[in-house]
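Read the structure below first, then the notes.
The values are calculated or read from the model by the stated rules, or taken from the named source; none is laboratory data. Everything numeric in this text was worked out from a predicted model, so none of it was measured. FYI the Cβ positions are ideal-geometry reconstructions off the backbone, even for glycines, and counts take in every protein chain you see.
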Amino acid sequence: MAFYPAPKRGWVLLFIDTFMSKYCPYCLPAKRRTHKHFHIIYYLSWLPSFDFKLNINKFWPLILQTLSIIKIVKFEANPNKEKLLNRSLIFFNEAQKRGIDIRVVKVFGKYRNDFRFTHNKKHYHYEGIPLFSINYKFDMDHKPTSRALLLENNIPMPKGNKFTNKQKALKFIEQIGFPVVIKPCSGSLSQHVTCNISSQKQAGNAIKIAKIYRPDFIVEKYIPGKLYRATVVGQENVFCCQREIANVTGNGVLTVKQLIEEKNKDKKRGNLNKKNTTLHKINIDDTLRAQLKEQGLQINTILEKDKKIYLHNKHTVVAGCDIIGVTDKVHIDNKNLFLKVASLLETQLVGIDFICSDISKSYKQQTSAVLETNSLPYIDMHQETSHGISDNVAEAVWDIILKQVDDGA
């Protein structure tokens, strides 16, 4: 494994981070006070053949079983489903529907995102999604690693590179030109990510934000377009949806606040901290007010008829974004591209963030790019859409997983 020099201020940032008293504003709505574990994992990655995740996963079932004997761990068959993330809950519900003996892991009385199911008298453990732990050979969540592999195999990706040094990153930006995106080398939910950066000052600030999360970061060219999430299951099924930033459309009568309240009445939308939901209500907060201000609007502005405005700067579901199912509209070239990515990563499950103008047109005929890959994607987005087609991904996953365990995979 390559050795990457520590940034000059790396340990200082880590020290400050350790004693943060408030939740990190760049991680919200995730409630994170410290990022020191991400820094520790980064520095441990210098060690030869260090694979913390792989080593833990190997012994995790035995650890859980041992701890259950002394009542630290409990395998619960009838959990409080309001305590489970919808990403996991859709698979728990589908398993129960099929009569599978499935349990959620509780440690010291608190639910974890770990599960155990029994098939033909044999126990199987998984985290979040049943397919996650099978044929997992590649750390696709480390963005530079997956990026390098995909580029080698002619997968379209934004021009970019990895850095730990601010000055080298700024010089690289001069070469590729604005606008750019700066993000940590790992992570999800757009945490510590800054998009559409158009000046050196903005870039410098974005680098500081990324380095709070971990010492290394990626600079890449900003690609305009619609953001899609394609999820490949079992290297054969492709599901796709568009994530659209939280928005409202005016009718010439209601204020922005009233339009948000109307949209939030949708029973499929849960409150900000609700776990067993995919779609979330739009939260009126400082970020939303700032977005309105940039557009010359206020919360009590009456929005003209058919005028559509965006209310956030992130595509995350917890920020109230719309999820539009488009599996039935994916061009065959794009579908084959997503299948190729899954094959290259040698994985049974991958979430692919893809950007282009129109998913119904070939990626070859438009500006497009794979932005990153995810090993534990929010797969429930395909099943719990706000508009468009809804795909029963839980059913497809269990069909595959049961076949695999029967075949001895």
>> Can you list residue pairs whose Cβ atoms sit under 8 Å apart, with the first residue in segment 329-342 being without any contact (Cβ under 8 Å) to a residue 60 or more places away in the chain and the second being assigned to a helix (DSSP H, G or I)? Count only pairs 6 or more apart in sequence or on different chains.
In response: His331/Tyr363; Asp333/Tyr363; Asp333/Lys364
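Would you check which residues across segment 312-367 are of a type in the set (S, T, N, Q) and over 30 Å from Asp285 (Cβ atoms) and list them?
Thr327, Asn334, Asn336, Ser343, Thr347, Gln348, Ser357, Ser360, Ser362, Gln365, Gln366, Thr367
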> Out of (1) over 30 Å from Ile400 (Cβ atoms); (2) in contact with a Ser or Thr (Cβ under 9 Å, 6 or more places away or on another chain); (3) surrounded by 15 or more Cβ atoms within 10 Å (Cβ to Cβ), what's the single condition that is false for Leu345?
Replying inline: (1)
> Which numbered condition trips up Asp407, out of (1) modelled with pLDDT under 90; (2) touching a helix residue (DSSP H, G or I) at 6+ places or on another chain (Cβ under 8 Å)?
Replying inline: (2)
>> Need pairs with beta-carbon distance below 8 Å; first residue more than 13 Å from Met140 (Cβ to Cβ) and within segment 363-385, second in a loop (DSSP other than H, G, I, E, B) and of a type in the set (D, E, K, R); sequence gap 6+ or separate chains.
In response: Gln366/Asp358; His382/Asp391; Gln383/Asp391; Glu384/Lys268
> From Asn273, Asn300, which residue is in a loop (DSSP other than H, G, I, E, B), modelled with pLDDT under 95 and of a type outside the set (Asp, Glu)?
Replying inline: Asn273
> Do we have Ile282 as surrounded by 17 or more Cβ atoms within 10 Å (Cβ to Cβ), part of a loop (DSSP other than H, G, I, E, B) and of a type in the set (A, V, I, L, M) here?
Replying inline: yes
>> What pairs come out if I take residues in segment 70-98 that are outside any strand (DSSP E or B) and pair them with residues that are exposed (fewer than 13 other Cβ atoms within 10 Å of the Cβ) and of a type outside the set (Gly, Ala, Ser) whose C-beta lies under 8 Å away, six or more apart or interchain?
In response: Ile72/Phe108
